[in-house]
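S.K.: First the structure, which I've put down as structure tokens, then a few questions once you've had a look.
The values are calculated or read from the model by the stated rules, or taken from the named source; none is laboratory data. It should be emphasised that the depicted structure is a prediction, and the values quoted were computed from it without experimental measurement. Here Cβ is always computed from backbone atoms with ideal geometry, including for glycine, and neighbour counts include all displayed protein chains. What goes into the accessible areas is simple: the full protein's heavy atoms, side chains included, and nothing from ligands, DNA or RNA. Shrake-Rupley method; radii C 1.70, N 1.55, O 1.52, S 1.80 Å.
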Amino acid sequence: MTKFRVFVKVIFILIALALGLIWLNVFPRPEFLPREVDIEPLTYVLSILATSLLAFWKETDTKITTEIVPLNKNNEEKELRIKIREYLKERYKNRLVSKLADRFPVNIKTQTSDVGTSAEGKANFIKIDDANVNREIGEIFEQANGRLLIVGMPGSGKTTLLLRLAIELLDRPGNAIPVILNLATWRKEYKIFDEWLQRILPNEVRFSNEITEEVIDNTSFILILDGLDEVPELDRNSCLDALGRFGIKPDKQFVISSRINEYKSLKDAKVYAQIEVAPLTAEQIEKNLLANAGLRPEAKPLWNAIQKDPILKQAIESPFYLNTAQILFASERNWNEFGFTEMDVEGRQKELLRLFIDFSLVNKEKNDFPREKIWSWLSFLAKKMESSNSRTFELNDIQPWWFGTNHHHKIIWLLIWGTFVCIPVGTFVGFAGALIGPQAVVLIGILLIILIWGNSKISSNIQAGWSWYYYKRNFKKSLMWGLSWGSVLGLFGSWIGYKMGNYVGGLTGGVVWGIVWGVIISGKKTDYLLQLNKPYQRFLDWKKSLNSTFLQHFAIRLILFFNGNLPLQLTRFLNEMSRRYLLEFDGNLNTEIGGGTWRWRHRIIHEYFIHATDFEPDER
């Protein structure tokens, strides 16, 4: 289908080019073309049709890229592996700090489990002694021979455990790369697990799509798969089936985590062992609070509170809610000031969450924002991330469809974008109009609008300059691309030259431009690693390549701001929410660099804002 699509596009371009040259009397009028047919409007129609095909008839977003870019098997591959490990280690450490919200950690207890697994599946488990099950998670992973299932209640600390496992494995020498992937994007349409990996790995590990297949084939990954319960219910068994087929090769290692109740309704995960994240014990919590009394502001007030409130003591046996209570009691409020009213554990946990959200809305760390706006902005972000099954967010994720299917918004976006881009272009076109007449100027404008509209998805790559190796490898393909577009531009050059009496010079100039451009782009090298060290890093390359990506992004941001969907100073807002422990930033919050993505600190917080309605502050 791809070859046919390219063939049709080339045919229409060549026909439009030929008609233009006939119109300019460069080629004789063919005998089969009736004299009553006016060449000029026919040229306009065919040019618009060819441009529309280029703009709109393309691959779908779900198709997996399979083109392989060869790596240098010695130094380059080794260097790539080292960079990936260093990048992931730093990122996971930052996430762990954010996950704990700078509170003192409580050792998460685990226990052997077979909950949700069939009798036949249990019989295949490797026995892990109870004396070993509370050792470091890395040792448990080794005892499970690299295939482990972790289940637990919401907020029990499963993701924290996975982060600790990844960091521990990255600290060890070796070539295997542990990488945490969220399963939320899995769909049963993926026939094999490798297809899903090819789509998800570049986003997590930040290497170029162009080397995805080769990296997967030649790199040993330890897959730490979080959020089986976040896969749509009808797709979960297909995910376990695909993972089972993926695990036919004995060298494949993976960990799966899931909420316990969701796993009970599924078929068995093909693992060698299963553990459950156990609730914290009252004794464990009290011991940690007393050990930190005088060191952490929340320790003694929270200890005093659970002595008089047995429901609160039970509610914080979940690490997430213990962490939430720690943040609340660190605000120098005593138990009676919170005005707890719920008299069952689940109700008290919801109450803790609501109090924490309300506290975070007003607890200024560095930048102040109106709490009603914070509520609205976070709700919008939560819903957009959920609709795209995304668990991380970066600025490049904001696309024109974020403001819906409202065509008025798209027109406004084009006008804003056009104001910044088309004023300088318009100056040139105005000069050209004086030479070639208004009809050709109108045609150029129509073609530009079609290309802009059809390529409305914003994408950007980080380029790493020019390479002689890439020049030799890509020269033929890029030269053909340059000649094709150079010929089209040569047609426009011919129109200008026609009015100036030198249409051959215009056509020659366009072809020469195409050859030069083909030579330049054939040597352009895309960096293997697209690691974000600054939020706007993906947009920085636009200045080098005269790309309009940043201007498009700015136009969308303006519309979302005027709609009240997101703040204009978005990165400042997201970092402030990370300081308030609603989000996680994968970089350094002190310098606001070292990363470029955000995620919700916990799925429970994300779900709260997904279902949020109108803002109703709790005045306690």
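S.K.: Pop the C-beta distance of Asn367 and Glu286 into the FRET formula with R0 = 35 Å and round what comes out to the nearest 0.05. Before the final figure, lay out each step's value.
M.R.: Working: r = 37 Å, r/R0 = 1.05.
The pair Asn367/Glu286 has a calculated efficiency of 0.40.
S.K.: Given R₀ = 56 Å, what would the calculated FRET efficiency be for Thr613 paired with Val8, taking r from the Cβ atoms and rounding to 0.05? Provide the component values of the computation, followed by the final result.
M.R.: On the way: r = 50 Å, r/R0 = 0.89.
After rounding to 0.05, the efficiency reads 0.65.
S.K.: Lys384 accessible area, nearest 10 Å², 1.4 Å probe?
M.R.: Approximately 50 Å² for this residue.
S.K.: Let me check something: with ligands and nucleic acids excluded, how do Val255, Val8 order by accessible area (1.4 Å probe), largest to smallest? Before the final figure, lay out each step's value.
M.R.: Numbers: Val255 0, Val8 25 Å².
Descending order: Val8, Val255.
S.K.: Extension gain Glu233-Thr591, at 0.36 nm per residue separation less the Cα-Cα distance, in nm? If you can, show how the numbers build up before the last one.
M.R.: Details: separation 358, 0.36 × 358 = 128.88 nm, distance 4.07 nm.
Taking Glu233 through Thr591 to full extension adds about 124.8 nm, to one decimal.
S.K.: Extension gain Ser220-Asp344, at 0.36 nm per residue separation less the Cα-Cα distance, in nm? Write down the numbers at each step before the final one.
M.R.: On the way: separation 124, 0.36 × 124 = 44.64 nm, distance 4.75 nm.
Answer, rounded to one decimal: 39.9 nm.
S.K.: With every protein chain left in place, what is the accessible area of Ser318 in Å² (1.4 Å probe, nearest 10)?
M.R.: 20
S.K.: Something else: Quick one: length gained pulling Ile82 to Phe32 fully straight, 0.36 nm per residue minus the C-alpha distance? Let's see the in-between values first.
M.R.: Working: separation 50, 0.36 × 50 = 18.00 nm, distance 6.51 nm.
Gain on stretching Ile82 to Phe32: 11.5 nm.
S.K.: Taking the Cβ-Cβ separation of Lys127 and Glu337 as r and a Förster radius of 45 Å, what is the calculated FRET efficiency to the nearest 0.05?
M.R.: About 0.35, to the nearest 0.05.
S.K.: Would you kindly calculate the mean projected area, averaged across all directions, of the convex hull enclosing the Cα atoms of the range 220-353, in square nanometres?
M.R.: Convex hull of Cα atoms, orientation-averaged projection: 10.9 nm².
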